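Participant: I have a structure here, written as structure tokens, and I will follow up with some questions on it.
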Amino acid sequence: GESVGLHLPTLSVQEGDNSIINCAYSNSASDYFIWYKQESGKGPQFIIDIRSNMDKRQGQRVTVLLNKTVKHLSLQIAATQPGDSAVYFCAENPPYNTDKLIFGTGTRLQVFP
Amino acid sequence: ETGVTQSPTHLIKTRGQQVTLRCSSQSGHNTVSWYQQALGQGPQFIFQYYREEENGRGNFPPRFSGLQFPNYSSELNVNALELDDSALYLCASSFGRTAEQFFGPGTRLTVL
């Protein structure tokens with residue numbers, strides 16, 4: 001069935017370190033991927049996206065890497081800050097329904113001083 | 001620019017009742033998608049409305065229904081509530097039928 005999974009349910013990092021959050025997706029034909037950040041009591045917030053014709057995309061302190069060969073997606077956060085503490089979701093856009101997003105269960109990022 | 005807003009923030013209902021949740025899309029957006037997020041899970045797609053018509057539906061029973069109005073705001077209706085309907089209901093808006101969706105804060109529904 002459809003699924004977007006995450007390898008680690010919780011990731012703890014020290015403030016200032018880099019964070020890497022991983023995600024596996026199941027549909028090799030998916031052509032659009034998004035990372036969302038969800039803080040407690042709030043809706044998901046768009047962080048960065050990438051299309052399947054790219055391997056890497058950079059934003060402000062964040063980088064998304066896409067490895068289509070192994071159907072793997074990662075989000076790298078540089079110089080992690082306490083404000084980065086949240087649950088991070090990757091979402092996949094299946095090719096047969098351009099408007100539907102399939103989310104994984106999420107990774108909780110905890111930043112400690 | 002106004003973001004996506006949802007009402008109410010919290011809601012408590014009992015089994016068998018009906019509920020209506022509301023969403024105002026972000027300014028300039030004409031598409032609204034609804035998601036159900038159970039505790040500790042990722043959002044699950046319910047359906048999407050584009051130009052007042054349902055445009056895709058996830059694996060949810062017919063007792064989940066919706067509407068979109070000419071101003072692109074939307075309602076999610078759930079009939080015959082069940083305990084498992086307890087969740088955070090998220091609305092997301094976008095411009096056109098794209099996947100770049102912007103989410104509201106959600107409505108927390110508790111069914112007792």
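Every number in this text was worked out from the coordinates using simple rules, so none of it is lab data. Remember, it's a predicted structure, so these values are computed and weren't measured experimentally. Glycine gets a Cβ as well: all are built from the backbone with ideal geometry, and neighbour counts include every protein chain shown.
Participant: For chain B, calculate the relative contact order in percent as a whole number, restricting contacts to Cα pairs under 8 Å that are 6 or more residues apart.
Facilitator: 37 percent
Participant: Also, quick follow-up: Residue by residue through A:103-109, how many Cβ atoms from other chains fall within 10 Å of the Cβ on average?
Facilitator: Counting other chains' Cβ atoms within 10 Å and averaging over A:103-109 gives 3.
Participant: Roughly how far apart, in whole Å, are the Cα centres of the stretch A:33-50 and the stretch B:48-112?
Facilitator: Cα centroid of the stretch A:33-50 versus Cα centroid of the stretch B:48-112: 18 Å apart.
Participant: Moving to a separate point now. So what J values fall out for the stretch A:51-62 if you push phi through Karplus, 6.51 cos²θ - 1.76 cosθ + 1.60 with θ = phi - 60°, rounded to Hz, Gly and Pro as x?
Facilitator: 9, 5, 8, 10, 9, 8, 8, 10, x, 7, 6, 10
Participant: Tell me, what is the FRET efficiency for A:ASN22 and A:GLN60 to the nearest 0.05, using R0 = 25 angstrom and their Cβ-Cβ distance as r?
Facilitator: 0.75
Participant: So, one more: What residues have an amide H closer than 5 Å to that of A:GLN110, excluding those fewer than 5 places away on the same chain, when H is modeled at 1.01 Å from N in the peptide plane?
Facilitator: Distant-sequence amide H within range of A:GLN110: A:LEU11, A:SER12, A:VAL13.
Participant: Return A:PHE112, A:PHE89, A:PHE46, A:PHE103 ranked ascending by Cβ neighbour count within 10 Å, so the fewest neighbours appear first.
Facilitator: Lowest count first: A:PHE112, A:PHE46, A:PHE103, A:PHE89.
Participant: So if I take the alpha carbon set of the stretch B:13-106, get Rg, then get Rh from the Kirkwood formula, what is the Rg over Rh ratio?
Facilitator: Value, to two decimals: 0.95.
Participant: Is the C-alpha gyration tensor of the stretch A:39-113 telling us rounded, prolate or oblate? Criteria: a/c under 1.5 is rounded; beyond that, a/b larger than b/c is prolate, otherwise oblate.
Facilitator: oblate
Participant: Take peptide A:38-45, look around each residue's Cβ out to 10 angstrom, count Cβ atoms belonging to other protein chains, and average those counts.
Facilitator: For peptide A:38-45, the averaged partner shielding equals 6.
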